[in-house]
């Protein structure tokens, strides 16, 4: 398995947590080529990851690692990171294409020969791709992408490749002082109206459900419309598709009859979530309408749908799963495109064919 992520996102912390849990029943060898044994131990003490069956080796030579494997016979081997490892039988510098390919192929052969689970840490390039030759992703059985914003504690593990199961799984975690903590129900992180003791739902907010892989997540979209008769008004976007939001604003103004061209419009998501799928189009549009009219949407309402340039509402995939997640978290009403397969969620469903139709009902 290859786990890739940006520097400082928490890859080593996550794998040390995994190693400590496996060590509770089997022997684990953790090989660190970037940090000293003392540094890794300090992290293990801070996160509660010390265990008698968790062995640590500060090595960067593949032959030395194989010697440790022969001596310990672990059930799990963690290599942090693959770019720091080298082998004497191959020319090139550590981290280079030749060395990285040779070490990865050697460790993969070791895993298959002995039935040994091997976790490799991989660096990423500036554009987010896995550093090194593409053969790394072809050789390994599973590729995982570890993502997170440095300004947020939320971390996501996404399956990119999986020879033994689905490749669209997503795991949600929170980075704390005590280590990495799994979040079985992360939707609350993306809803600003829950658990903060506020004054209720404010104008300019709308809730939708996005699909991250196969996991439905509730997300809140916020909008602020400020000023009038501004010659060159700003359009600021945070957490949404910056090329799609201006299009949605044009649809709201042209098809919904809402004057926006001379006002500044700010749109954002809550909790650092990034939304790119068109299923959130209706939420963005209604958040802007709510902010402009200064009328709050109902607190128990969730909205789903893609908006076309003609103002029509189009169906999105997985409506049933999305609404089931919303119902589980207490939402009782939903606005969806026509002819949507909603299933039996117990919610009061309103089907709307166009944005104008919804705006007329919200007056």
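The values are calculated or read from the model by the stated rules, or taken from the named source; none is laboratory data. A quick note: this is a predicted structure, and the numbers were derived from the prediction, not measured. No Cβ is skipped: glycine too gets one built from the backbone with ideal geometry, and neighbour counts run over all protein chains shown.
Part of a strand (DSSP E or B) and surrounded by fewer than 16 Cβ atoms within 10 Å (Cβ to Cβ), is that true of residue 236?
When the stated conditions are applied, residue 236 passes them.
Test each condition in (1) in contact (Cβ under 8 Å) with a residue 24 or more places away in the chain; (2) part of a loop (DSSP other than H, G, I, E, B); (3) within 20 Å of residue 152 (Cβ to Cβ) for residue 242 and report the one that comes out false.
That leaves (1) as the condition not met.
Somewhere in the stretch 22-31, is a residue assigned to a helix (DSSP H, G or I) and modelled with pLDDT of 95 or more?
yes
Within the stretch 62-77, work out how many residues are within 20 Å of residue 2 (Cβ to Cβ) and not in a helix (DSSP H, G or I).
Qualifying residue count for the region: 4.
Tally up the residues in the stretch 321-350 that are part of a strand (DSSP E or B) and without any contact (Cβ under 8 Å) to a residue 40 or more places away in the chain, please.
Result for the stretch 321-350: 6.
Taking the condition in a strand (DSSP E or B), under 25 Å from the mean Cα position of the chain (by Cα) and assigned by TED's automatic domain parsing to the domain that holds residue 277, does residue 316 pass?
no
From (1) touching a helix residue (DSSP H, G or I) at 6+ places or on another chain (Cβ under 9 Å); (2) closer than 26 Å to residue 225 by Cβ, pick out the condition that doesn't hold for residue 294.
In the conditions (1) touching a helix residue (DSSP H, G or I) at 6+ places or on another chain (Cβ under 9 Å); (2) closer than 26 Å to residue 225 by Cβ, residue 294 misses (1) alone.
Looking at 33, 38, which one is under 32 Å from the mean Cα position of the chain (by Cα), assigned by TED's automatic domain parsing to the domain that holds residue 120 and loosely packed, with under 15 Cβ neighbours inside 10 Å?
Exactly one of 33, 38 is under 32 Å from the mean Cα position of the chain (by Cα), assigned by TED's automatic domain parsing to the domain that holds residue 120 and loosely packed, with under 15 Cβ neighbours inside 10 Å, namely 38.
Scan the stretch 78-99 and tell me whether some residue there is surrounded by fewer than 20 Cβ atoms within 10 Å (Cβ to Cβ), modelled with pLDDT under 90 and part of a helix (DSSP H, G or I).
Looking for residues that are surrounded by fewer than 20 Cβ atoms within 10 Å (Cβ to Cβ), modelled with pLDDT under 90 and part of a helix (DSSP H, G or I), one finds at least one in the stretch 78-99, hence yes.
Among the listed residues 275, 295, which satisfies the condition of being surrounded by 15 or more Cβ atoms within 10 Å (Cβ to Cβ), not in a helix (DSSP H, G or I) and not assigned by TED's automatic domain parsing to the domain that holds residue 152?
275
Quickly run through the stretch 32-47 and pick out the residues that are in contact with a strand residue (DSSP E or B) (Cβ under 7 Å, 6 or more places away or on another chain) and in a loop (DSSP other than H, G, I, E, B).
33, 34
Condition check ((1) at pLDDT below 95; (2) more than 17 Å from residue 336 (Cα to Cα); (3) surrounded by fewer than 15 Cβ atoms within 10 Å (Cβ to Cβ); (4) in contact with a helix residue (DSSP H, G or I) (Cβ under 8 Å, 6 or more places away or on another chain)) across all residues:
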position	(1), (2), (3), (4)
229	yes, yes, yes, no
257	yes, yes, yes, yes
265	no, yes, no, yes
268	no, yes, no, no
299	yes, no, no, no
305	no, no, no, yes
